[in-house]
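Structure first, then comments.
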Protein chains: 2
Amino acid sequence: MGYDLYYWPAIQGRGEFVRLALEATRTPYRDVAREEGVPAMIRKMGEGATPAFAPPFLVDGTVMVAQAAGILQYLGPKLGLTPEGEAEAVWCHQIQLTITDFVAEAHDTHHPLGNGLFYEDQKPEALRRAKGFVVERIPKYFRWLERAILRNPTGTVHLVGDALSTADVSVFQLVEGLRYAFPNAMRRFERDFPQTAQVHRMVRDLPAVAAYVASDRRVPFSENGIFRHYPELDAEGDEDE
Amino acid sequence: MGYDLYYWPAIQGRGEFVRLALEATRTPYRDVAREEGVPAMIRKMGEGATPAFAPPFLVDGTVMVAQAAGILQYLGPKLGLTPEGEAEAVWCHQIQLTITDFVAEAHDTHHPLGNGLFYEDQKPEALRRAKGFVVERIPKYFRWLERAILRNPTGTVHLVGDALSTADVSVFQLVEGLRYAFPNAMRRFERDFPQTAQVHRMVRDLPAVAAYVASDRRVPFSENGIFRHYPELDAEGDEDE
């Protein structure tokens, strides 16, 4: 059988957190909408007893599961990316849910008034929203991640426990996305958040991840995804230079 | 021991989804910040190996878990509010995560530019964001919930399986909140979304829930919470009369 992942074929988006977990573990999967197109995905999305509200969703035999964090929680134990103890598994998922919030806020910088309007129709609002994100929210989330890593009783190589988890993999993608979208705000990231930067590098340098990122399976970042590089939204990072 | 729930004492907010799961099952718990104050909560939040990014969080012996959906997933099996099979448990959590998104969008109607500004400082933006929420998003989410209930192979009394779950309890709170915040947009809710309305009534009429809602343990809705009644944001529901 194998895993069938369904996500918008032209963007990384929320599906990329799932793709990376599969790729980091060299797990075979089909990226169905890239093979069969979006109409096939939309049709599948509404089928069965557990319809998805939106992509991404994963089909594994008779199970269909949506929501990036929900998919990762389902896949984690199967891919060896979830810690074994209950408390550590709960902590891993809590980090995932907090990263989900962080990513949603990154998205909202360019769509503060919602997805019903184009970016160009909400640009002044995006400027105001992005300012708060860059000045307050990015540092607040990363300070929390730093603390999480430093408090790991088994060492600071991983976010949870002493092995790779979905949390580590998702932090890699989070940092990649923020660097693409907010290079100015992120330029002191390595210095200010060394633990998180170290986890990012550790995942980046995994042979499976490096091979994936260099492949054409990795969709490029663009101004259609969650992380968008609009230089005007990245200007505030200058102010404390 | 028992459960210690930490959340802002003056609002329902995201903590209410956890309170309701505990109350619906008559599970003893301490609502710590209401007894000991917010400083005690903030202190506790940063402690230990698994610090919370934000309230709500739950302490159960040596486990500390944050994120409403994460707390409910941890508590569900312990309270008998999670279906037993893996596929059904995954589906229950997927519904919970989608409700989380719905609630976040309800929040963003009054804070489209983020929590760094007061509502009064983002009112024009809130009007634009609320319009899309009322006209497009509320119906879209409820149509999905209707489909979920109708597809339940064991009947339409519950969202998942044939017993009460965290998903049912959270739908109750979701509907209560939307009715408080958007009475105009929600006035045809019973007619347009009869399955979801039936689940809402089923939970509302549980003796434990009814007793809780009538008690002073239930914090009233207010314009400090997630669901806020600003009549100007509720005006668009009229247009298709």
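Going from the chain on its own to the full set of protein chains, the stretch B:119-135 has these residues losing 40 Å² or more of accessible surface (heavy atoms, 1.4 Å probe, no ligands, DNA or RNA): B:Glu125, B:Arg128, B:Arg129.
Simple rule: put +1 on each Lys or Arg Cβ and -1 on each Asp or Glu Cβ in chain A, find the dipole, and look at A:Val59, A:Tyr141, A:Thr156; the Cα lying farthest toward the positive end is A:Val59.
With a 10 Å cut-off around each Cβ of A:104-116, the average count of Cβ atoms from other chains is 4.
Relative to the compact globular guide of 2.2 N^0.38 Å, what is the alpha carbon radius of gyration of the stretch B:28-159, as a ratio?
Details: Rg = 18.3 Å, N = 132, 2.2 N^0.38 = 14.1 Å.
Rounded to two decimals, the normalised Rg is 1.30.
Estimated from helical segments only, the mean residue ellipticity of the protein assembly as shown at 222 nm is -15500 deg cm²/dmol, where each DSSP H run of four or more residues counts as -39500 (n - 2.57).
For the residues of B:94-101, the average number of beta carbons from a partner chain within 10 Å of their own beta carbon is 6.
Based on Cα contacts under 8 Å between residues 6+ apart, chain A shows a relative contact order of 22 percent. Each Lys and Arg Cβ is given +1 and each Asp and Glu Cβ -1; about its Cα centre, the stretch A:40-158 then shows a dipole of about 280 debye. Taking amide H as placed 1.01 Å from N in the peptide plane, the amide H of B:Arg30 sits under 5 Å from that of B:Tyr3, B:Asp4, B:Leu5, each at least 5 places away or on another chain. Cα convex hull, the protein assembly as shown: 144 Å³ per residue, rounded to a whole number. Sparsely packed loop sites in the stretch A:143-239 (the GluC sites (Glu not before Pro) outside DSSP H, G, I, E and B with at most 15 other Cβ atoms within 10 Å) comprise A:Glu223.
Here the Karplus curve 6.51 cos²θ - 1.76 cosθ + 1.60, taken at θ = phi - 60°, turns the phi angles of the stretch B:6-23 into couplings of 10, 7, 3, x, 9, 9, 6, x, 6, x, 5, 5, 6, 3, 5, 5, 5, 5 Hz, with x standing for Gly and Pro. Among the listed pairs A:Lys44/B:Lys131; A:Lys78/B:Lys44; A:Lys78/B:Lys78; A:Lys44/B:Lys78; B:Lys44/B:Lys123; A:Lys131/B:Lys131, a Cα-Cα separation exceeding 26 Å is found for A:Lys44/B:Lys131; A:Lys78/B:Lys44; A:Lys44/B:Lys78; B:Lys44/B:Lys123. For the stretch A:64-123, the solvent-accessible area of protein heavy atoms averages 33 Å² per residue (probe radius 1.4 Å; ligands and nucleic acids excluded). Taken over the alpha carbons of chain B as equal point scatterers, the Debye sum produces base-10 log I(q)/I(0) values at 0.09 Å⁻¹ of -0.38.
Counting, for every residue in B:16-25, the Cβ atoms of other protein chains within 10 Å of its Cβ and taking the mean gives 0. Which GluC sites (Glu not before Pro) in the stretch A:4-70 sit in a loop by DSSP (not H, G, I, E or B) and have at most 13 other Cβ atoms within 10 Å of their own Cβ? Hits after loop and neighbour filter: A:Glu47. Annotation: for a label point projected 7 angstrom from Cα along Cα→Cβ of A:Ala163, residues of the stretch A:89-103 with backbone N closer than 17 Å are A:89-93. Remark: spin-label model distance A:Arg191-B:Thr27 equals 4.7 nm, labels positioned 7 Å along the Cα→Cβ axis. Here A:Pro39 yields copy-to-copy label distances, from shortest upward, of 6.6 nm, the label point defined as 7 Å from Cα along Cα to C-beta.
Other residues with beta-carbon under 11 Å from the beta-carbon of B:Ala126 carry, at +1 per Lys or Arg and -1 per Asp or Glu, a net charge of -1. All other residues whose Cβ lies under 14 angstrom from that of A:Thr166 are scored, Lys and Arg at +1 and Asp and Glu at -1, for a net of -2.
The values are calculated or read from the model by the stated rules, or taken from the named source; none is laboratory data. Just so it is clear, the structure is predicted and the values come from calculations on it, not from any experiment. We place every Cβ from the backbone using ideal geometry, glycine too, and count neighbours over all the protein chains shown. Just the protein is used for accessible areas: all its heavy atoms, side chains included, with ligands, DNA and RNA removed. Shrake-Rupley method; radii C 1.70, N 1.55, O 1.52, S 1.80 Å.
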